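Enquirer: Pasting a structure here, questions to come.
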Number of protein chains: 2
Amino acid sequence: MSFDASHLGEFELIRRFFVRDTGARSGVILGIGDDAALLELPNGSDLVAAVDTIVAGHHFLEGADARSIGHRSLAVNLSDIAAMGAAPLWATLALTLPSIDPEWLHGFAAGFRDLADLHGVTLVGGDTTRGPLTVSVQILGGVPHGTALRRSGGQAGDLLAVSGTLGDAAAGLAFLKAPRRLARSDVDELIRRFDYPTPRVQLGLAARGVARAAMDLSDGLVGDLPKLAAASGVAAHVRVEQLPLSLALRSAESSQARALDLALGGGDDYELLFAVPARRFAELQAAAAQLNLTLSAIGELRSGEGVTYSLKGGEFLPRVSGYDHFGRASTQITV
Amino acid sequence: MSFDASHLGEFELIRRFFVRDTGARSGVILGIGDDAALLELPNGSDLVAAVDTIVAGHHFLEGADARSIGHRSLAVNLSDIAAMGAAPLWATLALTLPSIDPEWLHGFAAGFRDLADLHGVTLVGGDTTRGPLTVSVQILGGVPHGTALRRSGGQAGDLLAVSGTLGDAAAGLAFLKAPRRLARSDVDELIRRFDYPTPRVQLGLAARGVARAAMDLSDGLVGDLPKLAAASGVAAHVRVEQLPLSLALRSAESSQARALDLALGGGDDYELLFAVPARRFAELQAAAAQLNLTLSAIGELRSGEGVTYSLKGGEFLPRVSGYDHFGRASTQITV
């Protein structure tokens, strides 16, 4: 390193690693460096705001790659914006670090920045403090007034659809915690799904005006679907045999029951769950295909309340429950 | 407690302690409970966004009162909004907790809520995670387009003015760390300044269109003033004998040198620092008086660069430097 990081203060720390000349793009009137950022929301837009924190040992493994942590901290927030059908615009970052490690910061900043650039997100505020590694990102986005996708818009009869494949990230995490002999290409793909989740921002935008409700699957289907059903005031039914499982997951998990556990209970995939009128499903599927993404119908909303599951026509009771970010053992996936 | 908090998940935790029926006020289209909040900014407003984190042992003492921590976590952010001359609107809260302690949460939520209510701020997003106590608040506000107070607007000849009194919070903190025999009423006042800082939101609003530049004194005058001077491209001079010291501080600190150290180097007062044209100083002072707040001229901006200090006409070199939130010992106040 060409500088002595031990002399860097908070202000300089943020500037050195995170601030770039962002010009006048993205409505940033005033970025990092004043008491607060000044931002101009596009005319006729509602503001969308979310916050998510990731903590070492809970949301990523101790010793995880700094670049992955930077990516993840933004990805989980972009996924919330995607689930609203909104366009991400700006982010603020609250970074608590045990010490200043320039190599770590370079990696973290690169992971954060690459994903931010991909989605046109500008970092407009930052705060660094000393303490146990904790990364809290607040994301701000915009959506044309009245068009946001909510969890509460679902209606009985709507198809339930999910993007991509489920369970991969959980399988990747399981491998990281307890490595075993598997095909390298499968392992790489599963770990990549955990370390570098891809928020489905473009699909969320495409679903606006097509889907009736949406949410992101951060906590696993069995944890998240009840929230959408309850918010919409309906019941939900899932046909478990229709869950989209990747080839990598099928290959890595020879037990079908175990693969289903991961697909049902595993969080961290950050795929989108939609309630979409049956007559518009093909339209949403085509939009996903344009993005090189599968969209799978996995069940439907029904009148009533609660969530039920079936496997090839018979009743099915998931062995797993959803992931609770407060870290109690509500996810019973054993590794 | 009438419930067993050990069963509370993240969602329920946030709901139970923080969510209230906020009706349709403050432009909240959709608050906590979906993937993100949906907010409507007043027409013609720029969005103002800031983030600040407080960590146990760095920004408050281990074992500090939960109510004070809740108050502080929002106050430091409101102060950033005040320094922009903006109106606070919404906040999100990222709360990392070592364990669920209902009594602690009640206190924290009460401290946060009372201050939020005072300023009409709605909590629109929350995230709770398990980990070492860290509180990160993101604040969002609005300001009529083009009217925000920046650090960079100061001009040579402008008066430097500060609200309230300086050094009280630092004196309160010093007492908390090393109690000694002092008049109870003085101690109470100084500790209150540290535990329950009052963000000068109304004064910031009143200063819009009057002051040329503003910032909040979170890191102490000697740490913060150079930032305003540099951003404005000018030099600054402070007449130390004009620093506003409270009666409590004067009474608690019999040594004038020590009182000046606290006033110059002590952070955490969250008073506002303004650069204001001399001919408009009286107007700003009158606005402060309306808010039962003093406004003191402490020096002026000059052409050039750097910050100089004088005491009764002679050169003065502060013995203290500013507070660096990354926690290195740049504040040399000994207690």
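Enquirer: Taking amide H atoms as placed 1.01 Å from N in the peptide plane, list the residues 5 or more away in sequence, or in a different chain, whose amide H sits under 5 Å from that of residue A:85.
Expert: For residue A:85, whose amide H was placed from the backbone, the distant partners under 5 Å are A:149.
Enquirer: Starting from the amide H of residue B:246, placed 1.01 Å from N in the peptide plane, find each other amide H under 5 Å away whose residue is 5 or more places distant or on another chain.
Expert: B:166
Enquirer: Still on this structure: Where in segment B:106-135 does accessible area fall by at least 20 Å² between the isolated chain and the complete protein assembly, at a 1.4 Å probe radius?
Expert: Flagged in segment B:106-135: B:127, B:129, B:130, B:132, B:134.
Enquirer: A follow-up question, please. So what's the gap between the Cα centers of segment B:191-235 and segment A:176-200, to the nearest angstrom?
Expert: 49
Enquirer: Now a separate question. Please turn the phi angles of segment B:247-264 into ³J(HN,Hα) values with the Karplus equation 6.51 cos²θ - 1.76 cosθ + 1.60 (θ = phi - 60°), one per residue in order, whole Hz, x for glycine and proline.
Expert: Coupling constants for segment B:247-264: 4, 4, 5, 4, 6, 6, 10, 5, 7, 5, 4, 5, 4, 5, 3, 5, 5, 7 Hz.
Enquirer: What residues qualify as long-range amide H neighbours of residue A:41, i.e. H under 5 Å apart, gap of 5 or more or another chain, H built at 1.01 Å from N?
Expert: Residues meeting the amide H criterion: B:47.
Enquirer: Hey, for residue B:291 with labels 7 Å out along Cα-Cβ, what do the inter-copy distances come to in nm, ordered shortest first?
Expert: 4.5
Enquirer: For segment A:287-300, just list the computed ³J(HN,Hα) in residue order, Karplus coefficients 6.51, -1.76 and 1.60, θ = phi - 60°, integers in Hz, with x standing in for Gly and Pro.
Expert: Running phi through 6.51 cos²θ - 1.76 cosθ + 1.60 with θ = phi - 60° gives 4, 5, 4, 4, 9, 6, 10, 7, 10, 10, 6, 10, x, 7 Hz.
Enquirer: Using a Förster distance of 45 angstrom, determine the FRET efficiency expected from the C-beta separation of residue A:247 and residue B:289, and round it to 0.05. Display every interim value, and only then the final one.
Expert: Details: r = 73 Å, r/R0 = 1.62.
Given R0 = 45 Å and the Cβ-Cβ separation, E is 0.05.
Enquirer: Determine the sum of side-chain charges near residue B:112: Lys and Arg each +1, Asp and Glu each -1, restricted to other residues whose C-beta is under 11 angstrom from that of residue B:112.
Expert: It works out to a net charge of +1.
Enquirer: Just to be sure I understand: with springs between alpha-carbon atoms less than 10 Å apart, which residue in B:268, B:46, B:101 has the highest mean-square fluctuation in the Gaussian network model of chain B?
Expert: With Cα springs under 10 Å in chain B, the top fluctuation among B:268, B:46, B:101 is at B:101.
Enquirer: Calculate the mean, over all residues of peptide B:85-96, of how many other protein chain Cβ atoms lie within 10 angstrom of the residue's Cβ. Intermediate results must be reported in sequence, preceding the final value.
Expert: Numbers: counts 1, 3, 0, 0, 1, 2, 3, 9, 3, 11, 2, 9.
Mean shielding by partner chains, rounded to a whole number: 4.
Enquirer: Shortest first, in nm, what separates the label point of residue A:61 from those of the same position in the other copies (7 Å along Cα→Cβ)?
Expert: 4.2
Enquirer: Across peptide B:144-157, what mean number of C-beta atoms from other chains lies inside 10 Å of a residue's C-beta?
Expert: 2
Enquirer: Taking only the alpha carbons of segment B:10-144, what extent do you get along each of the three principal axes, in Å, biggest first?
Expert: Largest first, segment B:10-144 extends 44, 31, 22 Å along its Cα principal axes.
Enquirer: Rounded to the nearest 0.05, what FRET efficiency do residue B:110 and residue A:101 give with R0 = 30 Å and r taken as the Cβ-Cβ distance? Could you check?
Expert: Values: r = 38 Å, r/R0 = 1.27.
Computed FRET efficiency for residue B:110 and residue A:101 comes out at 0.20.
Enquirer: Another question, then. Rank-order B:197-208, A:170-181 by packing density, defined as the average count of other C-beta atoms within 10 Å over each peptide's residues, highest first.
Expert: Taking the mean over residues of other Cβ atoms within 10 Å, the ranking is B:197-208, A:170-181.
Enquirer: May I pose another question? Springs between alpha-carbon pairs under 10 angstrom, Gaussian network model over chain A: which of A:29, A:81, A:69 fluctuates most?
Expert: Comparing A:29, A:81, A:69 in a Gaussian network model of chain A, the most mobile one is A:29.
Enquirer: Give the lysines reachable from residue A:312 as a straight Cα distance under 28 Å; neighbours fewer than 8 places away on the same chain don't count.
Expert: By straight Cα distance, residue A:312 reaches A:227.
Enquirer: Within chain A, what whole-number % of the accessible surface is contributed by carbon and sulfur, with the 1.4 Å probe and all protein chains included in the calculation?
Expert: The computed percentage sits at 50.
Enquirer: Related question: Which three extents, in angstrom, do the Cα atoms of chain A have along their principal axes, listed largest first?
Expert: Largest to smallest, the principal-axis extents are 65, 52, 34 Å.
Enquirer: Spelling out what I want: for every residue of segment B:95-103, take phi, set θ = phi - 60°, compute 6.51 cos²θ - 1.76 cosθ + 1.60 (Karplus), and round to whole Hz; glycine and proline get x.
Expert: Whole-Hz 3J(HN,Hα) from phi for segment B:95-103: 10, 9, 10, x, 7, 8, 10, x, 5.
Enquirer: Largest first and in whole Å, what are the equivalent-ellipsoid semi-axes of segment A:197-248 based on the Cα gyration tensor, each being the root of 5 times an eigenvalue? Walk me through the numbers before you get to the answer.
Expert: On the way: eigenvalues 70, 65, 25 Å².
One finds semi-axes of 19, 18, 11 Å for segment A:197-248.
Enquirer: One quarter of the convex hull surface, Cα atoms only: what value does that give for the protein assembly as shown in nm²? Numbers along the way, then the final one.
Expert: On the way: hull surface 121.8 nm².
Quarter of the Cα hull surface area: 30.5 nm².
Enquirer: Another question, then. Once the label point is placed 7 Å from Cα along Cβ, list for residue B:311 the distances to the corresponding points in the other copies, in nm, shortest first.
Expert: Inter-copy label distances (nm, one decimal, shortest first): 8.0.
Enquirer: So what is the orientation-averaged projected area of segment A:153-274, using the convex hull of its C-alpha atoms, in nm²? Write out the running numbers ahead of the final one.
Expert: Details: hull surface 29.6 nm².
If you wrap the Cα atoms of segment A:153-274 in a convex hull and average its projections, you get 7.4 nm².
Enquirer: So how much accessible surface do B and A hide from each other in total, probe 1.4 Å, in square angstrom to the nearest 100?
Expert: It comes to approximately 5200 Å² buried between B and A.
Enquirer: How many partner chain Cβ atoms sit within 10 Å of a residue's Cβ in peptide A:55-63, on average, as a whole number?
Expert: If you average over the peptide's residues, the count of other-chain Cβ atoms is 2.
The values are calculated or read from the model by the stated rules, or taken from the named source; none is laboratory data. All of these numbers come straight from a predicted model, not from anything done at the bench. Glycine also receives a Cβ, built like all others from the backbone with ideal geometry; neighbour counts cover every protein chain displayed. Keep in mind that these areas ignore ligands, DNA and RNA; they rest on the heavy atoms of the full protein, side chains included. Shrake-Rupley method; radii C 1.70, N 1.55, O 1.52, S 1.80 Å.
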